[in-house]
Amino acid sequence: MKKKVLISIDHKWRDLPGYVYLGKLLEEKGFKVEYCRNGLEKFYIHGFKPHIVIINHLYDKKRQEYFKKVASWGIKVVILPTEGIPTLEKYREFAAGVDNDLSSVSLHFVWNEPMGKITAKNCTISNEKIKVVGVPRFDFYKEPLKKLLISKEEFIKKYNLKKNLPIITFATNYTQAQFAIQNQTFFKKDSKTLGYDKLIDENIPQKDFKSRDIAIKAFIKLVKELENVNFVLKLHPSEEHTYYFKLLDNELKNYKDRVAIIVQEYIWDVLAVTDIEVKRSCTTGIESWILGHPTIEMKLNPNEWYFSLEHTVGSDIVTTYDELKNTILQYLNGKKISKEKLQKRKEFLDTWCYKVDGKSTIRVVDNLIKLDVAELSIPLNLKCLIIYYILKISNYKIHDIKVYGWKILFRNSNIDKLGRIDKYFTKKDFIFWQKKLENIRR
């Protein structure tokens, strides 16, 4: 019997490449693999009838109950997190699913030992079902996937930046700022649905809005004052992107030859060509550590709420604009990362990434192979079956209409109600990565 695996994908700019690679490795082992957008699993379960379904979390109570039914049909439910190094300590138990009903889960992957130990506190899942594998998407920084990274020459040409200048990347992660003025109802509802309303206060969006405002003003000032530098503003996939693109038509309109504001580029390609990264306790900083880049931690807001000492141990911390500018100039003029910071980086990576060896996805596959599958007893659901085929035939068009509105039929830019651009993958995106990974051998 050929085992079938359904892989649910949340955000194409973060998750799609690694999951296509996972699917490729599974197919090489004899599995049949299909992919679906996050939240649409129920249609694909009734249409594709997988033996194994891979999802990213079970925070939502309704999803917990649904996947208990899925497990009762003989399907193995597997959690493969897309977030596994929480910045805020108080958020870690939530992220590890300590309060979730994980009784439906046959296998729960975690990125590192600390999160594994926290997940093990959950009385609804046994320890032998929790497997530490490392960070699958960090495989792109090591062979064999590293050869896919873009060259600096290609990058400069693609974004029409000036040649032979260093690149400073600002990685934004002000995901709550979009709820400070608009979408407040969504923020309250979503935080309650997923259960993190008890962890953050209702003023977090306003605090994030303030931090973003300070950081962007510093960014604009740096662009104007450092004339021999290219700047990249790499936006977090879950942010309100339209806010940033307005900068190119206003404050930055005279600097477009040295500034790129990027959503639709994979973070490893951006960081591969970066000389210095400026960030705010962001996972991208950890990725820069893997690549050996200088990183600067912005703590420009005196009342900064999003800060982790652990996530800053390998970075220079700056609290004023002058400190930020001077630190950048020092590195541009040849300053080396201190031995102490390099050691701290190693300790962090060993603790929170398990093994950065390019084999995390392989470890996932090796564990999936060991799962025993049984005969399925999936009940007939004609509605789900019909929607499954419509989704496949229309290339998710009916879902796009639901998310983006009827305007999606007349325009190419997909902007959802939260201002995020192009989150969901299509057949075209999948084929792109399938072809790109075609000649990669484990």
Yes or no: Thr185 surrounded by fewer than 14 Cβ atoms within 10 Å (Cβ to Cβ), under 24 Å from Tyr306 (Cα atoms) and either at pLDDT below 95 or hydroxyl-bearing (Ser, Thr, Tyr) (or both)? yes
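Taking the stated definitions as given, is Gly30 small (Gly, Ala, Ser), in the same structural domain as Ile369 (by TED's automatic domain parsing) and under 24 Å from the mean Cα position of the chain (by Cα)?
On the way: small (Gly, Ala, Ser): yes; in the same structural domain as Ile369 (by TED's automatic domain parsing): yes; under 24 Å from the mean Cα position of the chain (by Cα): no.
For Gly30, the condition - small (Gly, Ala, Ser), in the same structural domain as Ile369 (by TED's automatic domain parsing) and under 24 Å from the mean Cα position of the chain (by Cα) - is not met.
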Considering the stretch 321-335, residues that are touching a helix residue (DSSP H, G or I) at 6+ places or on another chain (Cβ under 9 Å) and of a type outside the set (D, E, K, R), and then whichever is surrounded by the fewest Cβ atoms within 10 Å (Cβ to Cβ), we arrive at Tyr321
Of all residues in the stretch 63-92, which are at pLDDT 95 or above and of a type in the set (D, E, K, R)? Arg63, Glu65, Lys68, Lys69, Lys76
Tell me which residues, restricted to the stretch 268-306, are touching a strand residue (DSSP E or B) at 6+ places or on another chain (Cβ under 8 Å) and assigned to a loop (DSSP other than H, G, I, E, B). Val273, Thr274, Asp275, Arg280, Ser281, Cys282, His293, Pro294, Lys299, Leu300
Any chance Ile317 is buried (at least 17 other Cβ atoms within 10 Å of the Cβ) and either over 20 Å from the mean Cα position of the chain (by Cα) or in a helix (DSSP H, G or I) (or both): no
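Residue-by-condition table, conditions (1) in the same structural domain as Glu310 (by TED's automatic domain parsing); (2) surrounded by 16 or more Cβ atoms within 10 Å (Cβ to Cβ); (3) closer than 25 Å to Tyr306 by Cβ; (4) free of Cβ contacts under 8 Å to residues at least 60 places away in the same chain:
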site	(1), (2), (3), (4)
Leu25	no, yes, no, no
Ile52	no, yes, no, no
Leu88	no, yes, yes, no
Ala95	no, yes, yes, yes
Leading residue by the ranking (surrounded by the most Cβ atoms within 10 Å (Cβ to Cβ)) among those in the stretch 207-248 that are among the hydroxyl-bearing types (Ser, Thr, Tyr) and part of a helix (DSSP H, G or I): Ser211
So which residues in the stretch 29-50 are in contact (Cβ under 8 Å) with a residue 40 or more places away in the chain and assigned to a helix (DSSP H, G or I)? Lys42, Phe43, Tyr44, Ile45, His46, Gly47, Phe48
What single numbered condition from (1) of a type in the set (Val, Ile, Thr); (2) surrounded by fewer than 19 Cβ atoms within 10 Å (Cβ to Cβ); (3) under 21 Å from the mean Cα position of the chain (by Cα) fails to hold for Thr119? (2)
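Which one of these is touching a His at 6+ places or on another chain (Cβ under 8 Å) and either hydrophobic (A, V, I, L, M, F, W, C) or farther than 30 Å from Val5 by Cα (or both): Leu391, Leu329? I'd like the intermediate steps shown before the answer.
Details: Leu329 fails: touching a His at 6+ places or on another chain (Cβ under 8 Å).
Residue meeting the stated conditions: Leu391.
Within the stretch 339-348, can one find any residue that is in a strand (DSSP E or B) and either more than 23 Å from the chain's Cα centre (by Cα) or more than 26 Å from Asp139 (Cα to Cα) (or both)? Let's see the steps before the verdict.
Filtering the stretch 339-348 down to residues in a strand (DSSP E or B) leaves none.
Checked the stretch 339-348: no residue is in a strand (DSSP E or B) and either more than 23 Å from the chain's Cα centre (by Cα) or more than 26 Å from Asp139 (Cα to Cα) (or both).
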Within the stretch 370-401, can you find the residues that are under 29 Å from the mean Cα position of the chain (by Cα), under 30 Å from Phe109 (Cβ atoms) and exposed (fewer than 12 other Cβ atoms within 10 Å of the Cβ)? Lys370
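Looking at the stretch 122-140, which of its residues are crowded, with 20+ Cβ neighbours inside 10 Å and either in the same structural domain as Asp269 (by TED's automatic domain parsing) or within 21 Å of the chain's Cα centre (by Cα) (or both)?
Filtering the stretch 122-140 for residues crowded, with 20+ Cβ neighbours inside 10 Å gives 122, 125, 130, 133-140.
Scanning the stretch 122-140 gives Val133, Gly134, Val135, Pro136, Arg137, Phe138, Asp139, Phe140.
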Across (1) part of a loop (DSSP other than H, G, I, E, B); (2) crowded, with 18+ Cβ neighbours inside 10 Å, Val70 clears everything bar (1)
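The values are calculated or read from the model by the stated rules, or taken from the named source; none is laboratory data. Just so it is clear, the structure is predicted and the values come from calculations on it, not from any experiment. Backbone-built Cβ (ideal geometry, glycine too); neighbour counts: all protein chains shown.
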